[in-house]
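Just below is one structure, and these are the notes that go with it.
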Amino acid sequence: MPHHHDDERVIDPSAPQYNATLVKRVDLNQDLAYFWVKFEGEPTPFEPGQYMTTGVFADGKLWQRPYSVASAPAEAGMNGYELFVRLVPIMRFTTLLWRLPGGHRMRMIGPKGKFLLEPADTRTHLYVSTGTGIAPFISMIRQSMFDDAPRKTVIINGCSYVDELGYREELEALEAEKGYPLRYVPTISRPGDPRNAGWSGRGGRAETIVADVCREYGLKPERTVVYICGNPEMILNVERELMGRGFPEFHVKKELYWPKGKDAALVGQGAEPG
Ligand SMILES: Cc1cc2nc3c(=O)[nH]c(=O)nc-3n(C[C@H](O)[C@H](O)[C@H](O)COP(=O)(O)OP(=O)(O)OC[C@H]3O[C@@H](n4cnc5c(N)ncnc54)[C@H](O)[C@@H]3O)c2cc1C
């Protein structure tokens, strides 16, 4: 199976199109990492939920992909735009990103996207994600905290393994401090796997628990807005589940990270649970 160590494409250190720098990287595990990319000039404003397109030149070609920004817009300009990325081991963009040393230059353009918070929305916000699809919700929560305008939130994040739960400590701390009206609901789709030994939280995919979560937290269709992000199969299944429970279509917003039917399992490893 191709891996980033086998990726021998020659990365251009100084293409004229570069306008940003990789200033920091923190690994969550061997396939997931947080990256901070900072503009060299004036930072570009964005809204929580939007994405930037980042790229590098290798073998004379620009390889670029969109990524949701996890930072609050209020802090991204100073610290860099924070991205939460999964390594997809098929020698396209992420295998290049994994090889970039800190301080390497990149291209970043944007923002784009309509996966946005509604202004002054007093409904409960149900955020449903798989894997890295949690990133836009982190931006939304962080910016709402920054604005001192917390929104009642239930956030579901489905992963195959416990060590893939991004932002777990931050969300657990927020829930425990009670500074933000948030319920964090991580769920593990392979609870019996030895890698998940010791996990006593929920088991099952996001779409199989969403109805129970609505029941438990008293989420009513007329008083809830739903945002779903990540794996397209999960998004469509959650949407179907919620529609069956009376959630109107216009209360549901979606961000698909790849087209339906193009699961990574078909092109390599690194698939996220549905
Ligand atoms: C609006 C938007 C926002 C996105 N935000 C993020 C983000 O915040 N973090 C992130 O990791 N990715 C995100 N993606 C996906 C990202 O753009 C790339 O597709 C991904 O990083 C893989 O890049 P690649 O060039 O290595 O492979 P690609 O050729 O782009 O993808 C190959 C296959 O990998 C699988 N795949 C793609 N993304 C993921 C993923 N995140 N997890 C598991 N499997 C995946 C799919 O099956 C896809 O068909 C986003 C995509 C879109 C459209």
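The values are calculated or read from the model by the stated rules, or taken from the named source; none is laboratory data. Since we're looking at a predicted model, the values are computed, not measured. Cβ placement follows ideal geometry from the backbone for every residue including glycine, while neighbour counts extend to all protein chains displayed.
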Open item on the list: Among the numbered criteria (1) surrounded by fewer than 20 Cβ atoms within 10 Å (Cβ to Cβ); (2) within 17 Å of the chain's Cα centre (by Cα), which one does residue 44 miss?
Closed with: (2)
Task: Of all residues making up segment 30-46, the number that are more than 29 Å from residue 161 (Cβ to Cβ) and away from the ligand (no atom under 13 Å from the Cβ) - done: 8
TODO: Please indicate, with yes or no, whether at least one residue in segment 175-187 is at pLDDT 95 or above, away from the ligand (no atom under 16 Å from the Cβ), exposed (fewer than 13 other Cβ atoms within 10 Å of the Cβ) and among the acidic types (Asp, Glu).
DONE: no
TODO: With the condition kept exactly as written, say whether any residue in segment 235-254 is modelled with pLDDT of 95 or more, away from the ligand (no atom under 16 Å from the Cβ) and within 28 Å of residue 26 (Cβ to Cβ).
DONE: no
Open item on the list: If I ask for residues that are assigned to a strand (DSSP E or B) and more than 19 Å from the chain's Cα centre (by Cα), which ones from segment 207-235 would you list?
Closed with: 224
Task: Filter result for residue 149 (more than 13 Å from the ligand (Cβ to nearest atom), farther than 24 Å from residue 234 by Cβ, part of a helix (DSSP H, G or I) and not β-branched (Val, Ile, Thr)) - done: no
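Collect the residues in segment 104-122 that are under 23 Å from residue 217 (Cα atoms) and surrounded by fewer than 17 Cβ atoms within 10 Å (Cβ to Cβ), keeping them in residue-number order.
Hits for segment 104-122 are 118, 120, 121, 122.
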Open item on the list: So, in segment 190-206, how many residues would count as being surrounded by fewer than 15 Cβ atoms within 10 Å (Cβ to Cβ) and not in a loop (DSSP other than H, G, I, E, B)?
Closed with: 2
- [ ] Might you check whether a residue that is under 16 Å from residue 132 (Cβ atoms) and hydrophobic (A, V, I, L, M, F, W, C) occurs anywhere in segment 50-64?
- [x] yes
Task: Among the residues listed as 65, 92, 86, 99, the single one being in contact with a His (Cβ under 8 Å, 6 or more places away or on another chain), among the basic types (Lys, Arg) and within 16 Å of the ligand (Cβ to nearest atom) - done: 99
- [ ] Within segment 209-234, track down each residue that is away from the ligand (no atom under 16 Å from the Cβ) and among the small types (Gly, Ala, Ser).
- [x] 211, 218
TODO: Would you check if there is a residue in segment 123-131 being within 16 Å of the ligand (Cβ to nearest atom), within 29 Å of residue 21 (Cβ to Cβ) and touching a residue at least 24 places away in the same chain (Cβ under 8 Å)?
DONE: yes
Task: Check on residue 110, assigned to a loop (DSSP other than H, G, I, E, B) and on the phi > 0 side of the Ramachandran plot - done: no
TODO: Could you tell me which of the residues 49, 80 is buried (at least 21 other Cβ atoms within 10 Å of the Cβ), more than 14 Å from the ligand (Cβ to nearest atom) and under 23 Å from residue 165 (Cβ atoms)?
DONE: 80
Task: residue 118 vs. criteria over 30 Å from residue 250 (Cβ atoms) and away from the ligand (no atom under 16 Å from the Cβ) - done: no
TODO: Check segment 125-140 and report whether any residue there is outside any strand (DSSP E or B), surrounded by fewer than 22 Cβ atoms within 10 Å (Cβ to Cβ) and among the polar types (S, T, N, Q).
DONE: no
